[in-house]
Amino acid sequence: PRKSPEFVINDPSGKQIPISSFKGKILVMPLMFTTCPHCQREAQMLTKLQKEFANRGVVMQGTVFDNTNGPKAAQFVKEFNIGFPVGYNTRDQVTGYLGLSVMDRWVVPQVVIIDKDGTIVAQSAAEGTPDLQDEAYIRNFLEKLLKGGSTKTTSTAAPKAVAKSN
C-alpha cells in the first residue's frame, strides 16, 4: 500500500478530473486500451459492480490510453455499454502513474483500487493480476474495504494484488 500520487484524467469533453477529487470514496480505476478484449470485459464487469456499489461510496472511473482522444473514449463507452465514466490519458501519463519503466513488460487492463484516504490498496502487477479481473474477488475486496476491514494486511487478498511499493 502507498499513497496515490495525483493523476488527472481527461473526460471526453476535455474537462480534467483529478483523482484526488474522489477522496472519501473508494475508487476503482481500470486503465485500458479501447481495442483490448480483456479491457472491454473488465469494463463490462465493473459496470455491473458499479450498479451494485454505487450507493455505498464506491466509484468507478476508467481511462483509456492507446493514443485515444475524447471522441474515441466516448465511443468505447457507447460501444461496450459501459456504465461509468471513462476518460483518456497518454501512455506516458499512465505508465508514470503506475510506476512502470520503459523496461517493464506489462499488460492491460491495469487496475488500481484506492481507499477513502487516497491510499492505493490494490494495483495490478505489470504482467497482470488475474484477481483484479475477477468479479467475485473485486466484490469481496470492496466489501472488506467498506466494512473497514484491513485488506492491506490480509494474508490472501491484498498482497497478491499490490504490485509495487514506493
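The values are calculated or read from the model by the stated rules, or taken from the named source; none is laboratory data. Remember, predicted model here, so these are calculated numbers, not experimental data. Backbone-built Cβ (ideal geometry, glycine too); neighbour counts: all protein chains shown. Ligands, DNA and RNA are excluded from the accessible area calculation, which covers all protein heavy atoms including side chains. Shrake-Rupley method; radii C 1.70, N 1.55, O 1.52, S 1.80 Å.
For Ile9, the amide hydrogen comes within under 5 Å of the amide hydrogens of Ile17, Ile19, counting only partners 5 or more places away or on other chains and with H modelled in the peptide plane.
Once you charge only the Cβ atoms, +1 for Lys and Arg and -1 for Asp and Glu, what is the size of the charge dipole of the chain about its Cα centre, to the nearest 20 debye? Don't jump to the answer; show the numbers that get you there.
Values: 20 positive and 15 negative charges, 83 e Å.
Here the size comes out at about 400 debye.
Each of the GluC sites (Glu not before Pro) that DSSP puts in a loop and that has at most 13 other Cβ atoms within 10 Å breaks the chain; the longest unbroken stretch is 7-126.
Where (i) 102; (ii) 119; (iii) 127 are the candidate values, the label of the one calculated here for volume of the Cα convex hull per residue in Å³ is (i).
The residue among Met32, Val8, Thr129 whose Cα reaches farthest toward the positive pole of the charge dipole of the chain, with charges on the beta-carbon of Lys, Arg, Asp and Glu, is Val8.
Using θ = phi - 60° in the Karplus curve 6.51 cos²θ - 1.76 cosθ + 1.60, the 3J(HN,Hα) couplings for the range 78-83 round to 5, 5, 10, 6, 7, x Hz; x is entered for Gly and Pro. Tell me the carbon and sulfur percent of the accessible area for the chain, rounded to whole percent, probe radius 1.4 Å. Using a 1.4 Å probe with all protein chains present, the chain comes out at 51 percent carbon and sulfur. With 24 Å as the limit on Cα-Cα distance, the pairs of Lys23/Lys72; Lys48/Lys78; Lys15/Lys147; Lys25/Lys51 that go past it are Lys23/Lys72; Lys15/Lys147. Database remark: amide H of Gln110 closer than 5 angstrom to the amide H of Leu31 (H placed geometrically; neighbours at sequence offset of 5 or more, or on other chains; Pro and chain starts carry no H).
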